[in-house]
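Structure, as structure tokens:
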Amino acid sequence: MSRLVIATRKSPLALAQAEWVAERLAAQKPGLEVELKKIITQGDKILDVALAKVGGKGLFVKEIEEALLRGEADLAVHSMKDVPAELPPGLVIAGVSPREDVRDALVSREGAGLAQLPLGARIGTSSLRRGAQLLALRPDFEIVNVRGNVQTRLKKMEELGLAAVVLASAGLSRLGLSHLITERIGVQTILPAVGQGALGLECRQDDQETRRLILGVSDPVAAAAVEAERAFLARLEGGCQVPIAGHAVVEGADLAFSGLVASLDGKQLVRGQGRAKKEKAANLGRRVAEDILERGAREILAQVYGETPA
């Protein structure tokens, strides 16, 4: 292989992430020519509607995956939290990058932390997961839907007169914007999205050469944690825009996992935890999902989906 085409979204963050992967692949295989193929996804086109109302899964990956399947690209780089639990036949997540900070980040106009924000503060986010957990903490907050890339959301904080916006710490870090973070919100306060902080490296299942190349830049620790989180999401039949959160941490030979499902208004949160050997990552995620489904998550998800997960 002398040339590799990476498919990516066109946002500054997506391009920064794809370039990060390209540099490491080129360093691993001297002489490799890496080309970025920039693709606009459905999620990039629809900016005036809340993602939860657009419907469907894979809003930020479908067109990219189609390019892989058509052979127009060899590899796709995704924010792992955007990737649906089920992949199209013929594709595989062949590697997961070392994980960035998984926490959500508060960026406030006046420099106040979460606890210091004024009564009735208007907080911008496009994530039902963030909104629900923010309301569980502070029912007085007003959650304002803010769509667009990182820079657009930061700009809308000023334009709409919001007290703050909540974004992923990892995205701000990858864009060199960590200095804007007012508070990194602990996972005990707001549990992250499944796969948050990790990049998924997707290719065709039968492309053994690309799969071998990807392994050289993949992190087995991050991959094990993400496997548990995605198994949890798959059992709950969730996409990236439902109030589901999951976070796994590797502790020696074990994985510790925490997951939750929240009602949209934040009044109901069903949490679950579990622990298993790293080799049982997928079983761990499914087991915690089954537990919280039995303890009320099934009814909460029925309100969001309009039907109950089996």
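Bear in mind that the values in this text are calculations on the coordinates, not laboratory data. Computed from a predicted model, the values in this text were never measured in an experiment.
Of note:
- Measuring against 18 Å, Cα to Cα, the residue pairs LYS81/LYS277; LYS81/LYS280; LYS29/LYS81; LYS10/LYS37 contain LYS81/LYS277; LYS81/LYS280; LYS29/LYS81 as the ones spanning a longer distance.
- Candidate values (1) 0.96; (2) 0.98; (3) 1.05, label of the one derived for Rg/Rh (Cα atoms, Kirkwood Rh): (1)
- GNM top mover of ALA27, ALA222, ALA289 - the chain, alpha-carbon springs below 10 Å: ALA27
- The angle between the Cα long axis of helix 220-235 and the main principal axis of the chain comes to about 60°, on a 0 to 90 degree scale.
- Near the amide H of VAL144, within less than 5 Å, lie the amide hydrogens of ILE123, GLY124, THR125, all on another chain or at least 5 residues away, with H placed in the peptide plane.
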